[in-house]
1. Might you report the magnitude of the Cβ-based charge dipole of segment 92-143 about its Cα centre, with Lys and Arg at +1 and Asp and Glu at -1, to the nearest 20 debye?
2. Please compute the length gained on full extension between Thr69 and Leu225, using 0.36 nm multiplied by the number of residues separating them and subtracting their Cα-Cα distance.
3. What are the lysines whose alpha-carbon lies under 18 Å from the alpha-carbon of Lys191, with same-chain residues fewer than 8 places away excluded?
4. If R0 is 30 Å, what FRET efficiency do you get for Arg7 and Lys193 from their C-beta distance, rounded to 0.05?
5. Give the residue from Met177, Val159, Val200 lying farthest towards the positive end of the charge dipole for segment 152-232; charges sit on Cβ (+1 for Lys and Arg, -1 for Asp and Glu) and the dipole is referred to the Cα centre.
6. Amide H to amide H, which residues 5 or more places from Ala32 or on other chains are under 5 Å from it, using H placed in the peptide plane?
7. Taking Cα pairs under 8 Å and at least six residues apart, what relative contact order does segment 190-232 come out at, in percent?
8. For the chain, take the convex hull of the Cα atoms, compute a quarter of its surface area, and give me that in nm², please.
Amino acid sequence: SPVLAARGIRKSYGRGTARFDALDGVSLEVYAGQSIAIVGKSGSGKSTLMHLLALLDSPDAGEVMVGDTDAKELSVKQVNRMRNEDFGFVFQQFFLNPNATVLDNVVLPLTIAGVAAGERKARGMAALQQLELDDKAKNMAVNLSGGQKQRVVIARALVNNPKVIFADEPTGNLDTMTGALVEDILFSLNKDKGITLVIVTHDPELAARCDRQIFIRDGREVGSLDNAGAAA
Ligand code: ADP
Ligand code: ADP
C-alpha cells in the first residue's frame with residue numbers, strides 16, 4: 001500500500017467571491033522508495049498538493065492518507081513528530097538561518113526533537129559528511145554559495161533519517177550545473193537509501209528523472225506518466 005496518498009482532495013483559498021479552488025479533486029498515491037514529480041505551471045496548485053501530502057496543511061475536502069491512517073485521525077503531536085522525523089524538506093528558498101552556523105542549521109530537527117547536544121553534533125556531522133560539507137560546519141550559513149546552501153538544506157533534511165523527502169523546486173535558485181549536482185544528490189538518496197522523493201517542479205528534465213510524473217493544471221490532474229526505467 002502507498003506510504004502517502006491523496007484522495008479527492010480539495011483546497012480553497014480566499015473568501016467570498018474571491019474564493020477559488022487551488023486544488024479541485026486531486027488523487028495521488030506515493031509508494032515507498034518511489035520518486036514522484038508533481039509537474040505544472042506556476043500557480044497550478046503543485047505546492048499546495050505537496051503541503052497537504054506533507055501534513056503542513058489540511059484539505060477542505062477529501063483525505064490525505066499516511067499509510068493506512070487518515071491524517072485527520074492523527075493527533076497534533078503525531079503530525080508534528082512525522083513532519084520532523086519522518087519527512088525531510090528541501091525548498092527553493094533554502095529557509096536556512098543565515099546567522100547560525102552550518103552545523104546548527106543542520107541539527108535543527110534534532111533540537112526540535114529534544115536530542116541531547118553530543119548526539120546532535122555526531123549526527124549533524126555525519127549528515128554533513130555525506131554532503132561533503134563537514135569542513136564548513138562552523139561557517140555561518142550566510143557565507144555559503146547557493147549550491148552549498150542547498151547541500152546544507154539536504155543535510156538538514158537527512159539528519160533524522162527520513163522516509164520521505166519533499167522537495168519544492170529544489171533547483172529553482174541554482175545555476176544549471178549546481179542544480180544538476182543537487183539533483184544527483186537527491187536521486188542517489190532515493191536509489192541508495194530508498195528515501196521516497198516527492199518533487200514539485202516545472203522543469204521537464206528534472207521531472208523525467210522521476211519514476212512517475214503527475215501533471216497538474218488549474219488544480220486538477222491532467223495526466224500522468226510512468227517513466228519506464230527512469231534512472232538517476
Ligand atoms: P504552484 O506550486 O503550482 O505554483 P500553488 O499551490 O503555490 O501553485 O498555488 C496555487 C494557487 O493558490 C495560486 O493561484 C496561488 O496564488 C494560490 N495560493 C497558494 N497559497 C495561497 C495562500 N496561502 N493564500 C491564498 N492563495 C494561495
Ligand atoms: P492522453 O493519454 O489522453 O494523451 P495523458 O494522461 O497522457 O493523456 O495526458 C493528459 C494531459 O497531461 C496532456 O494533455 C498534457 O496536458 C499533460 N501531459 C501529459 N504528458 C505530458 C508531458 N510529457 N509534458 C507535459 N504535459 C503532459
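No value in this document is a laboratory result; all are computed from the given coordinates. Since we're looking at a predicted model, the values are computed, not measured. Neighbour counts are summed over all protein chains in view; Cβ atoms, including those assigned to glycine, are modelled from backbone coordinates with ideal geometry.
1. On the way: 5 positive and 5 negative charges, 23 e Å.
Its charge dipole is roughly 100 debye.
2. Working: separation 156, 0.36 × 156 = 56.16 nm, distance 2.68 nm.
Separation in residues times 0.36 nm, less the Cα-Cα distance, equals 53.5 nm.
3. Partners within reach: Lys163.
4. 0.60
5. Val159
6. Val3
7. Values: 40 pairs, mean separation 13.8, N = 43.
That works out to 32 percent.
8. 13.0 nm²
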